[in-house]
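Undergrad: This is the structure I want to talk about, given as structure tokens.
The values are calculated or read from the model by the stated rules, or taken from the named source; none is laboratory data. Bear in mind the structure is a predicted one, so any value in this text is a computation, not a measurement. Neighbour counts are summed over all protein chains in view; Cβ atoms, including those assigned to glycine, are modelled from backbone coordinates with ideal geometry.
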Amino acid sequence: MLKRLRALVYWAWREFFRGHHPTEYYNSLAKKNIYEVAVDYKKRVNNFKKLRQFIPQPCKTMVDLGCGTGAMMEALHTGVFSIIGVDRSAGMLGIAKERFANDSKVKFIESDFISVAFPINSVDLITMGFSTRYIPPEKSLAFFSKLHSWLTPQGKFMVAVTKSYTGNFLGIEHKIVGKIPWDSYFIKIVKPWFELEAEVKMDYFLFWRHVGLVFRKK
């Protein structure tokens, strides 16, 4: 527990107090597996496994945006034919690549997920595990429109978010800065393109409940 607390303090110091760029502090967190200790990687994988029942079938291609060290990819691995992980941090991708080194169905792209592109109607499942807060508010409409275009007609969009309160789409998920639950706010933002299918309860992270939101393409 003490080791995890130190990892969380290290993370918070670089993100919230020193104002480092996300790529910089995630590369730093990748060293000595600080990130995986902070998030409790195995527990995170088990939480994400609760989304397995909602994987569209058949699911030929899954794209995990902001894949980090691969928790969502590992959790949903058995129900998908091909998986592409996208992340801008070379450090995080290094851990993920090592984890899936002998897995031919897993590939990676080092890129900002705002900039990455896939062909229209080419993806069956898009996932984002706690990476939605890095979507710039001014680009959110174009971003979700783009995701919608990637998905096949029966495709789905799954996200994991913290069930807390913020009125700011980009806001820090665990701080109270508004009156609208963050998950409800997210549902409202994507409504033009996606219909909510399910909300899946996950375990708490410290004091905050995690939830998985499953959306169908409209």
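Undergrad: Suppose we filter SER145, SER104, SER140, SER111 for residues that are buried (at least 16 other Cβ atoms within 10 Å of the Cβ) and small (Gly, Ala, Ser); which single one remains? Don't jump to the end; show me each part of the working.
TA: On the way: SER145 fails: buried (at least 16 other Cβ atoms within 10 Å of the Cβ); SER104 fails: buried (at least 16 other Cβ atoms within 10 Å of the Cβ); SER111 fails: buried (at least 16 other Cβ atoms within 10 Å of the Cβ).
Every option except SER140 fails the conditions.
Undergrad: Let me ask another. Looking only at residues in the range 132-181 that are in a strand (DSSP E or B) and among the small types (Gly, Ala, Ser), which one is modelled with the lowest pLDDT? First the steps, then the outcome.
TA: To start, the set of residues in the range 132-181 that are in a strand (DSSP E or B) comprises 151-162, 165, 181.
This time we only want the ones that are among the small types (Gly, Ala, Ser), so: 155, 160.
Numbers: GLY155: 98, ALA160: 93.
The residue in question is ALA160.
Undergrad: Here is a further query. Inside the range 78-90, can you point out the residues that are farther than 23 Å from ASN121 by Cβ and either buried (at least 20 other Cβ atoms within 10 Å of the Cβ) or out of contact with any helix residue (DSSP H, G or I) (no Cβ under 8 Å at 6 or more places or on another chain) (or both)?
TA: Kept after step one, since they are farther than 23 Å from ASN121 by Cβ, are these residues of the range 78-90: 78, 87-90.
Hits for the range 78-90 are ASP87, ARG88, SER89.
Undergrad: Identify, from the list LEU51, LEU29, LEU65, LEU8, the residue that is crowded, with 19+ Cβ neighbours inside 10 Å and not assigned by TED's automatic domain parsing to the domain that holds TYR204.
TA: Values: LEU51 fails: not assigned by TED's automatic domain parsing to the domain that holds TYR204; LEU65 fails: not assigned by TED's automatic domain parsing to the domain that holds TYR204; LEU8 fails: crowded, with 19+ Cβ neighbours inside 10 Å.
Going through LEU51, LEU29, LEU65, LEU8 in turn, just one is crowded, with 19+ Cβ neighbours inside 10 Å and not assigned by TED's automatic domain parsing to the domain that holds TYR204: LEU29.
Undergrad: Another question about this same structure. What is the residue count in the range 80-129 for residues that are in contact (Cβ under 8 Å) with a residue 40 or more places away in the chain and either touching a His at 6+ places or on another chain (Cβ under 8 Å) or small (Gly, Ala, Ser) (or both)?
TA: Total satisfying the criteria: 6.
Undergrad: Find the residue count for the range 17-38, including only residues that are out of contact with any Lys or Arg (no Cβ under 9 Å at 6 or more places or on another chain) and touching a residue at least 12 places away in the same chain (Cβ under 8 Å).
TA: Counting residues in the range 17-38 that are out of contact with any Lys or Arg (no Cβ under 9 Å at 6 or more places or on another chain) and touching a residue at least 12 places away in the same chain (Cβ under 8 Å) gives 5.
Undergrad: Could you please find all residues in the range 117-147 being basic (Lys, Arg) and under 19 Å from LYS218 (Cβ atoms)?
TA: We begin by selecting, within the range 117-147, every residue basic (Lys, Arg); these are 133, 139, 146.
The answer is LYS146, and nothing else.
Undergrad: Continuing with the same structure: Do we find a residue being outside the structural domain of LYS32 (by TED's automatic domain parsing) and under 15 Å from LEU151 (Cα atoms) anywhere in the range 94-111?
TA: We begin by selecting, within the range 94-111, every residue outside the structural domain of LYS32 (by TED's automatic domain parsing); these are 94-111.
Going one step further and asking which of them are under 15 Å from LEU151 (Cα atoms), we end up with none.
The answer is no, given that none of the residues of the range 94-111 is outside the structural domain of LYS32 (by TED's automatic domain parsing) and under 15 Å from LEU151 (Cα atoms).
Undergrad: If you take the residues in the range 85-123 that are within 14 Å of the chain's Cα centre (by Cα) and acidic (Asp, Glu), which one is modelled with the lowest pLDDT?
TA: Residue satisfying both the conditions and the ranking: ASP112.
Undergrad: Taking the stated definitions as given, is VAL63 within 17 Å of the chain's Cα centre (by Cα), within 25 Å of ALA90 (Cβ to Cβ), modelled with pLDDT of 90 or more and not in a helix (DSSP H, G or I)? Before the answer, list the steps.
TA: Details: within 17 Å of the chain's Cα centre (by Cα): yes; within 25 Å of ALA90 (Cβ to Cβ): yes; modelled with pLDDT of 90 or more: yes; not in a helix (DSSP H, G or I): yes.
Yes, satisfied.
Undergrad: Moving to a separate point now. For the range 43-53, does any single residue satisfy the condition of being over 16 Å from the mean Cα position of the chain (by Cα), in a helix (DSSP H, G or I) and of a type outside the set (D, E, K, R)?
TA: Looking only at the range 43-53, we keep the residues that are over 16 Å from the mean Cα position of the chain (by Cα), and these are 53.
With in a helix (DSSP H, G or I) added as a condition, the list becomes 53.
Narrowing further to those that are of a type outside the set (D, E, K, R): 53.
Checked the range 43-53: at least one residue is over 16 Å from the mean Cα position of the chain (by Cα), in a helix (DSSP H, G or I) and of a type outside the set (D, E, K, R).
Undergrad: Also, quick follow-up: Taking the range 4-25 as the region of interest, how many residues are over 22 Å from PHE113 (Cα atoms) and in a helix (DSSP H, G or I)?
TA: Let us first name the residues in the range 4-25 that are over 22 Å from PHE113 (Cα atoms), namely 4-10, 12-13, 17-18.
If we keep only those that are in a helix (DSSP H, G or I) as well, we get 4-10, 12-13, 17.
Total meeting the criteria: 10.
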